[in-house]
């Protein structure tokens, strides 16, 4: 694989709003999220079902299905405005610069075409001049790269002749065949056995190191995040409630929802009497989202203001911020304390 | 594979046998006899005729004899409609005429119906879809003679200055147009609806999302990835429909005065021309059985997951 490592900003999402216009009303699936992703960086997007994490990713690659629509904000990929692109330009972008792999490898490959056919097709979609032999050679190289053996035979096999893990490897090979700068992985390990999950994660980490591509890793599994991500965004009800470097999220979570997620995750080092603590309540009705913080109705620390106003982001450290009134409170107290300290220093001087 | 085909051939023979027996008993159960016409012949004449054609014997004996003759590919002779002409000869002369028109009809039905179905699925919920729905529902629910008569009326001089086609079928290229249009209209509409349903199902599958994520063009997504998966229900319908259409439509052949096989299916029964009833029925049944076998073999070609030997997925 070539090693044209670039540095700096690969993707910049700013105040993105995505809504679904259903007969029952507008569903604000994504309500103003922002983040950056650099080359050679892996970002996890964590959230429960319906939190808008997949919708957000689909908008980047232009796969939002009607009645979903991006209604505000900007997406900039390698300096280009993705949302301003025409349909044809988006088709050219998909699979070449940005690739995507999906959750269920059992249904994501077309059952009536061979693996080889589907791989070569992905290549030919963006490289019209590549010869048949060259295309099939590159397809086989990709299959070898993702750890599939006996590639010549595999090329002629149909998806149903392969196991789930193998199919996900094929999906990854298909995504990477045009050397994309950005890979969006939508819960790529969720549908797999735990042992296979570990293998696929290992493979993705390995490939990321080789190719230096940026990865957006969508999951609801914090264990997976810890395994592969450099930084994490936590989504709840279409809002990004916390984002930060992976260590900060795990060891210094700032948002009660993140804390809840961490508590509900099994840990190897937990004492045997410790129980997993679920987050009480149910997800927000996205048709009638509450005013204020969407997590407030389920939050054990909820205050009056939480139910009235969406909290602003509070910086908690380097690139670590959370949207929670508790943290705002902390900050105010800290400033007060700082002031008194300053005063004392002043008095002494 | 060879074993599978052998099994199917054996089953086909059994099916045909059952069809023959059923038809034979049913047709004999229908009141009346071949000798009835405007001038009712005397009982003596009827008895003599019955004796001549062996119709005076018990039905089961007649059936035995018929089956025995069938083993030598002897379908008997027509006893009424084309007196004493061998049934096989009638079928072999009439079938090519019907099949010619039928083949053109079914080909245009496929070439138009399947793409229209794809279009309707792709444009689901828009005015294109609605318009196609109206046309197809009309085509499916309108009786064949209405379509045929309307075409006949409009395009053969019924409207002033609009005499584009001959009224009667005379074997010229121009005279093929209207019968083929009329005969293919129903299958075209039905196919289009069938394709639309199957395509909608296919379009919502995950591999279509993958195809889109790969950066494939819409045309390729629809015609390569979705259509092939949508083909199973379409060819399931097409198999027997091809047999029916190639054997000719009674109405269309009547309306356009085509000397084809289609009219014999109905008229042989009206005339109680027993050997001709048997001959046409066996011919159509065998045709349908063969088409179904071809359809099953095509399944395997379309969808590699289908395992014929195991009889399913």
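On the stretch given as segment A:141-150, residues that are assigned to a helix (DSSP H, G or I), buried (at least 19 other Cβ atoms within 10 Å of the Cβ) and either at pLDDT 95 or above or more than 14 Å from chain B (Cβ to nearest Cβ) (or both) total 2.
Looking across B:113, B:100, one residue alone is modelled with pLDDT of 90 or more, within 30 Å of residue B:129 (Cα to Cα) and surrounded by 13 or more Cβ atoms within 10 Å (Cβ to Cβ). It is B:113. Among residues that are within 19 Å of residue A:117 (Cβ to Cβ) and crowded, with 22+ Cβ neighbours inside 10 Å, residue B:216 is included. Looking at (1) within 13 Å of chain A (Cβ to nearest Cβ); (2) over 24 Å from the mean Cα position of the chain (by Cα); (3) buried (at least 23 other Cβ atoms within 10 Å of the Cβ), find the lone condition where residue B:230 falls short. Every listed condition holds for residue B:230 apart from (2). Within segment A:114-128, if we keep just the residues that are touching a residue at least 40 places away in the same chain (Cβ under 8 Å) and not in a loop (DSSP other than H, G, I, E, B), the residue that is nearest to the other protein chains (Cβ to nearest Cβ) turns out to be A:122.
Is it the case that residue B:224 is within 14 Å of chain A (Cβ to nearest Cβ) and either crowded, with 21+ Cβ neighbours inside 10 Å or at pLDDT below 90 (or both)? Against the criterion (within 14 Å of chain A (Cβ to nearest Cβ) and either crowded, with 21+ Cβ neighbours inside 10 Å or at pLDDT below 90 (or both)), residue B:224 does not qualify.
Of the listed requirements (1) at pLDDT 90 or above; (2) more than 14 Å from the chain's Cα centre (by Cα), residue A:11 misses just one: (2).
Just checking, which of B:70, B:92 is assigned to a helix (DSSP H, G or I), at pLDDT 90 or above and under 22 Å from the mean Cα position of the chain (by Cα)? Show your work before the answer.
Details: B:70 fails: under 22 Å from the mean Cα position of the chain (by Cα).
One residue alone meets the criteria, B:92.
Taken across segment A:74-86, residues that are surrounded by 20 or more Cβ atoms within 10 Å (Cβ to Cβ), in contact with a helix residue (DSSP H, G or I) (Cβ under 9 Å, 6 or more places away or on another chain) and either outside any strand (DSSP E or B) or within 11 Å of another protein chain (Cβ to nearest Cβ) (or both) do occur, with at least one present.
Restricting B:52, B:65 to residues that are over 34 Å from the mean Cα position of the chain (by Cα), in a helix (DSSP H, G or I), free of Cβ contacts under 8 Å to residues at least 24 places away in the same chain and closer than 25 Å to residue B:281 by Cβ narrows the list to B:52.
Out of A:289, A:311, which single residue is in a loop (DSSP other than H, G, I, E, B), surrounded by 10 or more Cβ atoms within 10 Å (Cβ to Cβ) and at pLDDT 90 or above?
Details: A:289 fails: at pLDDT 90 or above.
The match here is A:311.
Among the residues that make up segment A:99-113, is at least one of them in a helix (DSSP H, G or I), facing chain B (nearest Cβ under 7 Å), surrounded by 20 or more Cβ atoms within 10 Å (Cβ to Cβ) and modelled with pLDDT of 90 or more? The answer is yes; a qualifying residue exists.
The values are calculated or read from the model by the stated rules, or taken from the named source; none is laboratory data. All figures in this text were calculated on a predicted structure; none of them were measured in a lab. For neighbour counting, all protein chains shown are included, and Cβ atoms are generated from backbone atoms with ideal geometry for every residue, glycine included.
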